Amino acid sequence: MLIGDLKKSLILALLLMGFTSIVAQVVLIREFLVTFSGNELAIGLILANWLILESLGSLLSGRIADKVRGNVGIYAATQLIISAYLPAAIYLTRTFKNIIGSAPGEGVGLFPIFYGSLFILAPLSLSDGAQFSFGCRLYSLVTKREAPAIGRVYLYEAGGSIAGGLAFTFLFLPYFHSIQIALGIAVINILSALLLLTSFKTGAEIPSGISKQRRSGRAFAITISLFLLLAALYLSFSAGADRIHYGSLRRQWSGQDLKAYENSIYGNVTVTQRDKQLTFFDNGIPLLSTPNPDIARIEELVHLPLLFHPQPKKVLLLSGGAGGVLREILKHPVERIDYAELDPLIIHLARKFTSPLTDYELNNPRVNTEYVDGRLFVKRTKKSYDLVFINLPQPSTLQLNRFYTKEFFQEVRRILKEGGLMVISAPGSLSYLSEELKLVNACLFNSLQEVYSYIRPIPGEPNLFLASTSADITIIKPITIIQRFNERSLMTELLTDFHIKYKLKEKREQWLLESIVSGEEIKNNKDLHPLGLWYNLTLWHALFSPGLTGVIRLIDQVKLWMPLLLLALFALVFIKVSRRSPKLKKALIPLALTSTGFGGMVFDLVLILAFQSLYGYVFQMIGLLIAAFMVGLILGGLGMIRYMERRESSLPLLLRLELLLVLYAAVFPVVLILLHSYINVSSVFRSAPALLLLLNMITGLLVGMEFPLANRIYLSSQSEADELSRAAGTLYASDLVGAWSGAMIASVILIPVLGVLNTCVLVAFLKLTSLILLATGK
């Protein structure tokens with residue numbers, strides 16, 4: 001009975017390894033997004049750190065798993081470490097800004113995101129990586145089948161990941177907060193550890209290679225497990241989980257009174273209070289403040305554009321309406337204001353935490369509130385408007401950047417009346433524009449020029465850009481604006497005749513245009529090439545990490561031909577050196593897996609970021625997107641294992657699979673571009689999420705097919721018999737190193753700087769290089 005009991009307990013533990021990994025990743029990614037102000041590029045950095053630490057854990061444990069005999073106890077110990085640390089990781093993530101001395105709502109650069117997530121994830125990821133190597137060793141000893149063990153464990157992990165992604169999306173996310181989820185994960189991991197530790201029956205025969213733990217040692221491990229289990233259960237079913245949850249949130253938002261903390265499909269919305277002032281945050285970014293708003297900014301944002309229109313009747317306001325902006329618009333003779341937010345939950349909370357100001361704004365009969373994503377409203381509406389205000393924070397995230405792209409500007413143009421205006425803002429200065437400020441403004445200005453014939457800049461802090469298809473906005477004089485200001489009898493606190501004349505000085509406008517329109521070519525901001533996000537990140541780095549300014553500017557100069565040239569040189573050098581050193585050829589299989597891991601992660605990230613650019617609610621869908629990848633992974637792995645059971649695995653089969661990956665990398669961007677081109681067709685818009693999930697599943701299918709095949713070929717070339725755990729650690733680490741480099745390089749450089757199309761071209765060339773090396777090296 002020992003073998004059967006241990007095998008069942010082990011399979012459950014291996015499935016739980018994938019389940020725990022995916023849930024922990026998604027929970028922490030969501031927490032990091034709030035901490036790091038919704039920057040989706042942080043997803044790539046977080047995944048990169050998880051993978052490199054997991055790779056390190058797998059590689060190091062693979063060196064010792066064949067030599068130690070207490071594999072069951074060590075595996076159970078990793079489960080206990082994960083169980084105890086996951087709630088602590090959530091707490092550390094939420095309080096990270098306090099640790100580094102950053103205020104709530106304050107942006108941070110990519111470097112703090114990198115080292116912060118690296119530090120916080122280390123215990124989890126190292127333990128997760130060690131589980132794979134020890135799991136492979138245990139599975140081979142229990143089943144007495146070495147070669148298929150790595151592939152089987154890989155598939156069990158993927159199967160658990162699928163279950164984890166689905167459970168998180170449809171069960172955990174709607175009903176539990178992060179601490180409750182972490183405690184639930186702890187309970188099932190501790191139970192699994194207890195099953196493993198108690199699988200040995202007294203007097204039973206023990207498989208060769210598995211030591212029977214000393215009775216005292218096993219009793220101690222079981223005692224620790226029971227203690228942790230009771231603690232987790234007590235916290236889960238008492239008020240303890242809520243105390244930890246809200247205690248960590250109060251520390252995260254220290255210095256402010258936390259009034260609300262809620263999640264929607266678009267992200268997290270937090271409401272804080274200081275004195276009597278309420279501030280609403282979306283994914284950590286301040287969106288509106290009431291009852292005392294920034295009146296100087298609001299009066300300039302609202303009144304100047306409205307005064308450029310002779311008779312504004314219908315206005316569309318996208319975001320930031322409650323808390324002053326709606327009130328100022330209502331001072332004009334408008335008939336109707338349609339108001340949509342970045343996240344409809346913001347409006348619900350604005351109604352919940354009402355003030356005389358927001359009550360007046362949201363209940364005014366001329367204000368029509370739309371509880372829908374702003375971009376989706378623009379896409380679907382049949383109405384037309386005299387003015388459209390894009391009152392959003394700067395494009396510091398992909399969710400925000402999608403409101404500053406050429407494609408969105410085209411959608412807005414479709415709903416503008418003849419002579420209508422679109423209004424956006426950009427960070428500015430009244431005295432000096434740094435190089436980073438110039439790049440941000442130039443990128444947005446050039447994107448506007450691609451769509452609108454006439455643009456009127458209004459310098460300030462921030463700069464305003466009025467865009468129209470009518471030349472009237474470029475020729476209207478300040479005297480006319482002042483005349484309309486007086487005719488409408490506008491009651492303002494700071495805006496006066498003199499202020500209007502000062503803001504609209506021709507010399508100031510000319511200075512701004514000359515500053516941002518230079519001989520240097522600045523590309524447009526697009527959905528699938530988010531340069532607006534990249535330039536905004538360069539600005540953040542200049543402000544908060546000035547020491548990295550040189551590196552950021554160097555990255556900005558990267559062109560597609562540069563990495564392509566490096567790959568070609570690497571291939572030539574490798575082929576030449578390997579002819580003199582045959583031992584180097586042993587690295588071909590790990591290199592192939594590294595390149596496949598790189599490509600798989602890049603495609604996964606591209607699809608995650610493409611979904612965010614098109615729909616804006618990857619906060620909810622990330623679990624499903626990762627689960628779809630894992631479904632493909634398990635299908636591809638199982639299919640290849642069964643194929644290899646019937647036929648001899650060979651290098652030609654691996655070469656054909658590498659060629660298939662090259663072709664997929666070439667077709668992948670074409671599908672995305674076609675999808676994006678027809679996204680305004682309602683049937684395409686509705687079916688696109690399913691197509692993106694399918695693409696991610698196909699990506700996982702191809703990656704999953706290669707791992708067991710490469711594993712079989714690699715093991716057959718080893719001379720030593722007892723090399724299973726070492727091989728498992730090496731191959732798994734190769735796969736993870738590739739995925740790590742893909743996540744790191746794609747999120748920081750490739751996608752924002754080169755764009756989706758060029759990134760996919762690079763992956764295709766990388767896999768072509770791998771194919772050539774394999775074909776010439778054997």
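What follows draws every value from the coordinates through simple rules; no lab data is involved. Keep in mind that this is a model prediction, so the values were computed, not measured. In this analysis, Cβ positions are derived from the backbone assuming ideal geometry, glycine residues included, and neighbour counts consider all displayed protein chains.
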Candidate lysines for bridging to Lys576, where Cα separation is under 18 Å - those fewer than 8 sequence places away on the same chain excluded: Lys585, Lys586, Lys778
Using only the Cα atoms of segment 540-601, construct the convex hull and provide its projected area averaged over every direction, in square nanometres to one decimal. 6.4
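How big is the shadow of the Cα convex hull of segment 506-577, averaged over all directions, in nm²? List each step's numbers first, then the result.
Values: hull surface 32.1 nm².
That works out to 8.0 nm², a quarter of the Cα hull's surface.
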Label points 7 Å out from Cα along the Cβ direction at Phe237 and Gln273: separation in nm? 3.6
Long-range amide H contacts for Ser545: which residues qualify at under 5 Å (H placed 1.01 Å from N, peptide plane, sequence gap of 5 or more or a different chain)? none
What does segment 398-542 give for Rg and for Dmax, in Å, if only its C-alpha atoms count? 15.8, 45
Hey, got the Cα dimensions of segment 427-489 along the principal axes, in Å, largest first? 40, 28, 15
Based only on Cα atoms, what Rg/Rh ratio does segment 235-363 have, Rh being taken as Kirkwood's radius? 1.07
In degrees rounded to 10, the 0-90 angle between helix 506-516 Cα long axis and the longest Cα principal axis of the chain is 20
Long-range amide H contacts for Asn283: which residues qualify at under 5 Å (H placed 1.01 Å from N, peptide plane, sequence gap of 5 or more or a different chain)? Asn268, Val269, Thr270
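Report the gain in length on full extension from Lys382 to Ser581: 0.36 nm times residue separation, minus Cα-Cα distance, nm rounded to one decimal.
64.8 nm is the gain from fully extending Lys382 to Ser581.
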Could you give me the ³J(HN,Hα) list for segment 303-316, computed from phi with Karplus coefficients 6.51, -1.76, 1.60 and θ = phi - 60°, whole Hz, x at Gly and Pro? 6, 4, x, 5, 6, 6, 9, x, 8, x, 10, 10, 10, 10
Binned at 5 Å starting from 0, the alpha-carbon pair-distance distribution of segment 292-364 in whole percents comes out as 3, 16, 28, 26, 18, 7, 2, 0
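Which value, in debye to the nearest 20, describes the size of the charge dipole of the chain about its Cα centre when Lys and Arg Cβ atoms bear +1, Asp and Glu Cβ atoms bear -1, and nothing else is charged?
Its charge dipole is roughly 1780 debye.
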Lys/Arg +1, Asp/Glu -1 at C-beta; segment 280-428 dipole; positive extreme among Gln410, Pro427, Phe281: Gln410
Between segment 280-308 and segment 582-656, what is the C-alpha centre distance in whole Å? 46
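Can you give the helix-only mean residue ellipticity at 222 nm for the chain, where every DSSP H stretch with n ≥ 4 adds -39500 (n - 2.57) and the sum goes over all residues, rounded to the nearest 500 deg cm²/dmol? List each step's numbers first, then the result.
Values: 30 runs with 506 residues, N = 778.
Using -39500 (n - 2.57) per qualifying helix, the result is -22000 deg cm²/dmol.
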Straight-line reach from Lys406: which aspartates and glutamates have Cα under 15 Å away, leaving out those fewer than 8 places along the same chain? Glu450, Asp527
How many lysine pairs in segment 477-563, separated by 8 or more positions in sequence or lying on different chains, have Cα atoms less than 17 Å apart? 5
What length, rounded to one decimal in nm, is gained on full extension from Leu513 through to Ser687, with 0.36 nm per residue of separation minus their alpha-carbon distance? 58.4 nm
Determine which lysines satisfy two conditions relative to Lys314: a Cα distance under 16 Å, and not lying fewer than 8 residues away in the same chain. Lys331, Lys382, Lys383, Lys417
Listed by chain and number, the residues whose amide H is under 5 Å from that of Asn463, excluding neighbours fewer than 5 places away on the same chain and using placed H, are Ala426, Gly428
At 7 Å along Cα-to-Cβ for each site, give me the label-to-label distance between Arg553 and Glu411 in nm. 3.6
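Sorted by packing (mean other beta-carbon atoms within 10 Å per residue), highest first, where do 187-196, 265-274 land? Each step should come with its number before you reach the end.
Details: 187-196: 21.8, 265-274: 20.3.
Those peptides, ordered most packed to least, come out 187-196, 265-274.
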Tell me which of Leu560, Ser687, Ala158 sits at the most positive position along the dipole axis of the chain, charges placed on C-beta atoms (Lys, Arg +1; Asp, Glu -1). Ala158
In degrees, nearest 10, range 0 to 90: what is the angle between the Cα axis of helix 71-94 and the longest Cα principal axis of the chain? 10
In Hz, Karplus ³J(HN,Hα) per residue of segment 50-62 (6.51, -1.76, 1.60; θ = phi - 60°; x = Gly, Pro): 4, 5, 5, 5, 5, 4, 5, x, 5, 5, 5, 5, x
Along segment 468-474, Karplus-curve 3J(HN,Hα) (6.51, -1.76, 1.60; θ = phi - 60°) to the nearest Hz, with x for Gly and Pro, reads 7, 8, 9, 6, 4, 5, 8
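Ranking request for peptides 246-256, 9-19: highest mean number of other beta-carbon atoms within 10 Å first, then the rest in descending order. The partial results should precede the final answer.
Details: 246-256: 17.0, 9-19: 23.5.
Ranking the peptides 246-256, 9-19 by packing returns 9-19, 246-256.
Ranked from highest to lowest mean number of other Cβ atoms within 10 Å per residue, what is the order of the peptides 312-318, 379-385? All intermediate terms of the calculation are to be shown ahead of the outcome.
On the way: 312-318: 23.1, 379-385: 14.4.
With the highest mean Cβ count within 10 Å placed first, the list reads 312-318, 379-385.
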What Kirkwood radius, in Å to one decimal, follows from the Cα pairs of the chain? 28.1
